[in-house]
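Visitor: I'd like to ask you about the structure that follows.
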Amino acid sequence: MVVQKSTGMRKAGMSSAGFVLGMLLIVLEVCDGGITSSYVRNDDLSLDMPLDSDVFQVPPGYNVPQQVHITQGDHEGKGVIVSWVTPDEPGSSTVIYWAENNTSLKKSAQATVLTYKYFNYTSGYIHHCTIDNLEFDTKYYYEVGTGNTARRFWFVTPPRVGPDVAYTFGLIGDLGQTHDSNDTLTHYELNPAKGQTLLFVGDLSYADDYPFHDNNRWDTWGRFIERNVAYQPWIWTAGNHEIDFVPELGESKPFKPYTNRYFVPYEASGSTSPLWYSIKRASAYIIVLSSYSAYGKYTPQYKWLEKELPIVNRTETPWLIVLMHSPLYNSYVHHYMEGESFRVMYEEWFVEYEVDVVFAGHVHAYERSERISNVAYNISNGLCTPNSDRSAPVYITIGDGGNLEGLVTEMTEPQPSYSAFREASFGHGIFDIKNRTHAFFSWHRNQDGYAVEADSLWLKNRYWNSLEDSSSLAAF
């Protein structure tokens, strides 16, 4: 464990008594919990970038496709959903695509086109096209629009699913569209670890922070992230800022803008809702859950997850990752214990099926837990303290994307024993799977160099190492 240094210990001539006292203070700090970073950052609110910012620029020309984005389009990784918006009229709904190694064989796929209204806003024409039966581990080019409006992009399909397939995921949450948001996305793009697919843990545009939930800010956000999400899949999770439930405005359908704009392959995993679903990608099995949909016993989400977890084949996809928005463990004052009822419902399953890691957002800061569980607690027995549990996941909160609501800096004290590291700074994460037994997680704050790891952890796979001692950091 890295121990936070006391500034007093660095002074020359410290007496032996002072040294011992300093060491005791450090030990006490670590015993209360993990590390609370002493890094000092500017916690001023960052305003959204102005509408004339270059990152919001509309592609020149009449009805040119914009807000292009992709996500996985099936359960195995051989499909891609390509989405875009045409502002003036439907235009072409065709995607032309071809493999880099076979430019003479161009294929086409057709999109569905939809629009929606939200209060006094009417969307452009939103296209969603699923491309199926792609080759694994292949670079494809694709074009949307025709003639003078055509725009070309590319993506790389994942390797065939298998237990020892190395793959690198990026992680961002609560992004928004401020200058800090731009720093976060740039930092991720220039990280030499080179994330291949981004796991997004909810709270996208923050359009709902504007009067009447101004949906024009969904459009600016779509143009802002296009520079990355048009080239690599973002795996979507819905957060509270996607609910957009405002009956007083006549808007009583939750998640209306989000579900119209961001399609996911939920039916491929037997889900009845785009708000919870699963995919396989390389050596990972990724389960996306909805913190803001019904999740109690007998609900559709509960019934789906009850059937989903037992069918995960860890000999095929050893790394079991869960994405949600509201964290189950959080030692910041803001949103403290908001995930408690969700934890009561599902933590026992996470331990039983040896989930490796749970990523969440919501709290605008970073935190990483020890491997702990609180499954013994039943209200009346008093066993309400989380305990070390090597079958439990690591919980990582990464809601530090940079949105206009700013950082949360107030923390519960003393730091709980389950909290291994926490810091209120903006940044992103990298989850780098090496093989079936080992993965490396790193967190990168925006203020550092692109390769600097402000926090990191080697993880041992829960399934393949369930019988080994995980007491040391290297065997976490």
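Yes/no matrix, rows are residues, columns are (1) basic (Lys, Arg); (2) open to solvent by 70 Å² or more (accessible area, probe 1.4 Å):
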{"position": "SER92", "(1), (2)": "no, no"}
{"position": "VAL95", "(1), (2)": "no, no"}
{"position": "GLU100", "(1), (2)": "no, yes"}
{"position": "LYS107", "(1), (2)": "yes, yes"}
{"position": "THR112", "(1), (2)": "no, yes"}
{"position": "TYR116", "(1), (2)": "no, no"}
{"position": "ASN120", "(1), (2)": "no, yes"}
{"position": "HIS128", "(1), (2)": "no, no"}
{"position": "ASN133", "(1), (2)": "no, yes"}
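Visitor: Pull out all pairs, ordered by first then second residue, where Cβ-Cβ is under 8 Å, the residues are six or more apart or on different chains, the first lies in segment 82-95 and is on the phi > 0 side of the Ramachandran plot, and the second is surrounded by 15 or more Cβ atoms within 10 Å (Cβ to Cβ) and of a type in the set (Gly, Ala, Ser).
Guide: Going by the 8 Å Cβ cut-off, the qualifying pairs are GLY91/GLY145.
Visitor: Any chance segment 416-434 includes a residue that's free of Cβ contacts under 8 Å to residues at least 24 places away in the same chain and over 22 Å from GLY202 (Cα atoms)?
Guide: Within segment 416-434 (the criterion being free of Cβ contacts under 8 Å to residues at least 24 places away in the same chain and over 22 Å from GLY202 (Cα atoms)), the answer is no, since none of the residues qualifies.
Visitor: From the set of residues in segment 313-326 that are touching a residue at least 40 places away in the same chain (Cβ under 8 Å) and over 21 Å from the mean Cα position of the chain (by Cα), which is surrounded by the fewest Cβ atoms within 10 Å (Cβ to Cβ)?
Guide: Among those that are touching a residue at least 40 places away in the same chain (Cβ under 8 Å) and over 21 Å from the mean Cα position of the chain (by Cα), it is THR315.
Visitor: So, one more: Mind listing just one residue for me: the one in segment 234-256 that is touching a Pro at 6+ places or on another chain (Cβ under 9 Å) and not acidic (Asp, Glu) and, of those, surrounded by the most Cβ atoms within 10 Å (Cβ to Cβ)?
Guide: ALA238
Visitor: Next question, about the same structure. Hey, can you tell me all the residues within segment 267-291 that are out of contact with any Leu (no Cβ under 8 Å at 6 or more places or on another chain) and not small (Gly, Ala, Ser)?
Guide: Within segment 267-291, GLU267, THR272, PRO274, LEU275, TYR277, ILE279, LYS280, ARG281 meet the criteria.
Visitor: If the requirement is being at pLDDT 95 or above, within 15 Å of TRP234 (Cα to Cα) and surrounded by 21 or more Cβ atoms within 10 Å (Cβ to Cβ), which of these qualifies: THR168, THR71?
Guide: THR71
Visitor: Give the residues of segment 181-199 that are more than 14 Å from HIS444 (Cβ to Cβ) and in contact (Cβ under 8 Å) with a residue 60 or more places away in the chain, sorted by residue number.
Guide: Residues satisfying the conditions are SER181, ASN182, THR197, LEU199.
Visitor: While we're looking at this one, here's another question. All but one of (1) in a loop (DSSP other than H, G, I, E, B); (2) closer than 26 Å to PRO257 by Cα; (3) open to solvent by 60 Å² or more (accessible area, probe 1.4 Å) hold for GLY176, so report the exception by its number.
Guide: Result: GLY176 passes all but (3).
Visitor: Only one of (1) in a helix (DSSP H, G or I); (2) open to solvent by 10 Å² or more (accessible area, probe 1.4 Å); (3) in contact (Cβ under 8 Å) with a residue 24 or more places away in the chain; (4) farther than 27 Å from VAL355 by Cα fails for THR259. Which number is that?
Guide: For THR259, the failing item is (3).
Visitor: Also: From ASP54, ASP132, ASP74, ASP88, which residue is among the charged types (D, E, K, R) and within 29 Å of VAL246 (Cβ to Cβ)?
Guide: One residue alone meets the criteria, ASP88.
The values are calculated or read from the model by the stated rules, or taken from the named source; none is laboratory data. Computed from a prediction, not measured in an experiment: that's the story for all the values here. As a convention, Cβ positions derive from the backbone with ideal geometry for all residues, glycine included, and neighbour counts pool all protein chains shown. Protein only, heavy atoms only, side chains kept; ligands, DNA and RNA dropped before computing areas. Shrake-Rupley method; radii C 1.70, N 1.55, O 1.52, S 1.80 Å.
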